[in-house]
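Each remark here refers to the structure printed beneath this line.
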Amino acid sequence: MSAKRLQQQVEALSRSAKHFNKSEVECLIKLFDTLVTTSSDRFGAVGFDRNMFRDTLHRMFGMTDDMVMDRVFRTFDRDNDSCISVEEWVEGLSVFLRGTLDERIKYCFEVYDLNGDGYISREEMFQMLKNSLLKQPSEEDPDEGIKDLVDIALKKMDYDHDGKLSFADFEKAVRDDNLLLEAFGPCLPDIKGSLAFEKKTFKGNRKL
């Protein structure tokens, strides 16, 4: 990439990805280019496809849950073209790593709203919880325990009692208790993962 083109991208993205300064945006663009260049994938010239992105989430943030990683991919992929562009990468990471509570509430809601209808339904809660909790085989019927968890979640978060969570329900519940942000599965990096990624990616580029 030419220096001029890089500069233009840095200028544009440091406006849209407001949690990063220009030198950090430049580091993220360079990391993106490196990851894309080392991939032999057919999408390589334009960005990450689903597998590359999942591999990156796994290697850089220790994510292991395929279903959650798939949902994170869809949330980053704003134009739904099944490819993460450099803009989607930097803007997505801005929220993923440093988002405000408002931004993270919106992000987590999008991850959990599997069919994109603006609600987290009982079925979607069940699917996400079953997926994130079922790791050990047990004697009891695990589905029953998950149904109980869904009932508890609805009791706690469904303020208008319509049997599903609207964005307003989810937002109010998380504001009342921040621990509910990732109630249906871990879709944000933990502090340790974020700091390790930032330290590695931004090393020597600490401009305030």
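Per-structure values
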read-out	value
Out of ASN80, ASN131, sole residue that is open to solvent by 80 Å² or more (accessible area, probe 1.4 Å), modelled with pLDDT under 95 and not acidic (Asp, Glu)	ASN80
Checklist (1) loosely packed, with under 13 Cβ neighbours inside 10 Å; (2) modelled with pLDDT of 95 or more applied to CYS27, failing item	(1)
Filter result for ALA3 (within 14 Å of GLU88 (Cα to Cα) and not acidic (Asp, Glu))	no
Exclusive hit being assigned by TED's automatic domain parsing to the domain that holds VAL25 and either assigned to a helix (DSSP H, G or I) or in contact (Cβ under 8 Å) with a residue 24 or more places away in the chain (or both), set ARG74, ARG78	ARG74
Residue check, GLU103 of a type in the set (D, E, K, R), open to solvent by less than 50 Å² (accessible area, probe 1.4 Å) and either in a loop (DSSP other than H, G, I, E, B) or under 22 Å from ALA196 (Cβ atoms) (or both)	yes
Residues within region 151-202 that are in a loop (DSSP other than H, G, I, E, B) and open to solvent by less than 40 Å² (accessible area, probe 1.4 Å), tallied	8
Among (1) modelled with pLDDT under 95; (2) in a loop (DSSP other than H, G, I, E, B); (3) of a type in the set (D, E, K, R); (4) over 29 Å from LEU28 (Cα atoms), the one test that LYS207 misses	(4)
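Yes or no, residue by residue, for (1) open to solvent by 80 Å² or more (accessible area, probe 1.4 Å); (2) among the hydrophobic types (A, V, I, L, M, F, W, C); (3) farther than 23 Å from LEU188 by Cα:
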position	(1), (2), (3)
GLN8	yes, no, yes
HIS19	no, no, no
THR37	yes, no, yes
MET60	no, yes, no
MET67	no, yes, no
SER85	no, no, no
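The values are calculated or read from the model by the stated rules, or taken from the named source; none is laboratory data. Values in this document were obtained by computation on a predicted structure and should not be read as measured data. Cβ: placed from backbone, ideal geometry, glycine included. Neighbour counts: every protein chain shown. The accessibility values were calculated without ligands, DNA or RNA, using every heavy atom of the protein model including side chains. Shrake-Rupley method; radii C 1.70, N 1.55, O 1.52, S 1.80 Å.
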